[in-house]
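Rule-based calculations on the coordinates, nothing more; no lab input. Keep in mind the model is a prediction, meaning the values are calculated, not measured.
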């Protein structure tokens, strides 16, 4: 239900240039807040060419 309400409000705001500006600001702030809430994750380990599995035909 909450998701549906968000969609309806977003559609209504997106109809006007000022509403689009508000949506963009809210999106940026929410993105920033989510990023700060998550603990930093280590970078994934890179695979070297020798680590790949080879198939012999």
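Available extension along the chain between residue 15 and residue 37 is 4.8 nm, counting 0.36 nm per residue and deducting the alpha carbon span. Full extension of the chain between residue 3 and residue 46 gives 11.8 nm of extra length, using 0.36 nm per residue less the Cα-Cα distance.
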